[in-house]
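Undergrad: Structure in structure tokens, see below.
Please treat every number below as a calculation from the coordinates, not as lab data. In this text, all values refer to a predicted model and were calculated from it rather than measured experimentally. Using ideal geometry, Cβ is built from the backbone for each residue, glycine included, and neighbour counts are taken over all protein chains shown.
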Amino acid sequence: MEYDERLALFRQTHLNPFDRGEEEDHLEGGKTPPQYEAKPELFSGPKTHNSDRTMDLGLAEDHFSRPVGSFVASDIEQLKQAIGECKKLILELPEHSERQKDTVVKLIHLRLKLQELKDPEEDEPNLRVILEHRFSKEKSKSVKQTCDKCSAIIWGLIQTWYTCTGCYYRCHSKCMNLITKPCVRSKVSHQSEYELSICPEIGLDRQDYRCAECRTPISLRGVPTEARQCDYTGQYYCSTCHWNDTAIVPARVIHNWEFEPRKVCRSSLRYLALMMSRPVLKLKEINPLLFNFVEELVEIKKLRQDILLMKPYFLTCKEAMEARLLLQLQDRQHFVENDDMYSLQDLIDISSGRLSCSLTEIHTIFAKHIKLDCERCQAKGFVCELCKEGDILFPFDSHTSVCQDCSAVFHRDCYYDNSTTCPRCARMTERKQDDEPYEKGAEHQK
């Protein structure tokens with residue numbers, strides 16, 4: 001006998017779990033409800049008494065009597081039918097009654113069970129590699145996420161999902177074989193540069209009226225799919241590849257000093273996030289006039305130049321190495337390597353004022369160690385050889401000037417008022433001239 005026929009016959013010989021109201025009416029009227037006997041070949045599970053709770057959930061015993069792997073299409077159909085009956089019963093019952101609340105709970109359990117049958121949890125591997133994505137199986141069950149492939153919600157309680165450790169691409173386990181987008185981190189590794197033109201639009205006709213990423217047909221009228229422009233690339237994308245996310249666009253910052261977030265596609269959003277802290281912007285070459293209009297940039301540049309002048313003191317100071325003073329700039333390592341490269345995060349922090357405050361504080365700590373706390377660093381100071389007066393000078397002091405040839409330090413006023421050459425350079429030149437006859441005599445003897 002087919003399973004559907006057996007189920008129909010079983011329902012005819014048993015009380016309908018959704019007709020409890022009629023059963024109560026029979027009991028209130030003093031009538032004894034009719035008793036039915038189930039045919040043994042139609043009901044494989046053991047008989048249970050007081051099965052009201054099971055029947056309240058709307059789940060017959062045969063829904064749980066078999067292993068998960070043995071569920072067939074008929075089980076899903078039966079659950080869908082039970083869900084429909086639950087919805088109908090909820091509308092018929094009095095509002096806010098106990099029976100209606102129990103039926104709502106039953107509906108929730110039925111839907112969870114149906115979802116579990118559609119997406120059974122299998123023994124998925126903890127790590128999978130697809131198109132340079134390194135997907136790691138997620139253990140979090142309570143955080144609500146959205147699948148980047150199908151744009152549907154990820155129900156962590158009943159669905160297996162993965163996150164790429166490189167670009168943080170999230171997707172269902174069932175969607176992983178449908179992924180066509182390579183990992184953005186590989187692009188960052190091989191092509192660490194920004195698009196520096198402001199929204200370089202090429203037009204929908206140049207894209208053949210298709211999404212720039214997945215090639216889905218799109219149009220500005222929304223038929224068949226709405227075309228959404230990415231302000232970073234200037235291209236158009238479908239709603240699956242462009243979720244109207246916003247991000248700060250580097251080209252607008254560099255050319256207009258504008259930090260208003262703009263709408264970008266998903267791939268641009270991940271790329272900009274991964275590139276945020278990379279020092280790839282050489283402002284002096286891209287837009288040198290920016291320093292004339294943004295005073296904060298001039299201040300930051302001076303602080304960075306001072307830190308580079310302080311670095312040799314720390315590299316030859318035992319106390320500074322033990323205290324690891326340079327590690328205070330570990331989040332901005334490029335600040336101790338050069339003074340002209342900036343990251344997008346640097347520019348954002350300059351605009352907000354955070355970088356100026358933090359860098360000034362670090363500059364003060366470094367200067368205090370060299371000029372006050374460490375005798376070894378103090379011994380490496382300079383005395384102005386032009387006036388031979390005043391305190392010990394250091395190249396990072398604001399009132400000093402440094403000779404470009406020998407790195408000697410002088411008072412700024414003394415250096416610019418003196419029209420002669422640097423005294424230290426003159427001594428070095430004189431010494432070199434005195435050594436030349438001895439060197440020539442030694443060569444002649446050989």
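Undergrad: Once you sort the root eigenvalues of the Cα gyration tensor of the range 192-275 as a ≥ b ≥ c, which label holds: rounded (a/c under 1.5), prolate (a/b larger than b/c) or oblate (the other case)?
TA: Verdict is prolate for the range 192-275.
Undergrad: Based on the Cβ-Cβ distance of Asn177 and Lys137, what FRET efficiency does E = 1/(1 + (r/R0)^6) give at R0 = 22 Å, to the nearest 0.05?
TA: My answer for the efficiency is 0.90.
Undergrad: Ok, one more. Across the range 165-172, in residue order, what do the Karplus-derived ³J(HN,Hα) couplings come to in whole Hz, using 6.51 cos²θ - 1.76 cosθ + 1.60 with θ = phi - 60° and x for Gly and Pro?
TA: In residue order, the calculated couplings are 6, x, 10, 6, 6, 10, 7, 5 Hz.
Undergrad: Another one. Using a ≥ b ≥ c from the Cα gyration tensor of the range 272-417 (square roots of the eigenvalues), is it rounded, prolate or oblate, where a/c under 1.5 gives rounded and otherwise the larger of a/b and b/c decides, a/b for prolate?
TA: Note, shape of the range 272-417 comes out oblate.
Undergrad: Rank the residues Thr165, Thr233 as a footprinting-exposure proxy: fewest other Cβ atoms within 10 Å of their Cβ go first.
TA: Lowest count first: Thr165, Thr233.
Undergrad: Moving on to the next point. What shape does the range 125-275 have by the C-alpha gyration tensor, where a ≥ b ≥ c are the square roots of the eigenvalues, rounded means a/c under 1.5, and otherwise prolate means a/b greater than b/c and oblate the rest?
TA: Prolate, because a/c is 1.5 or more and a/b exceeds b/c.
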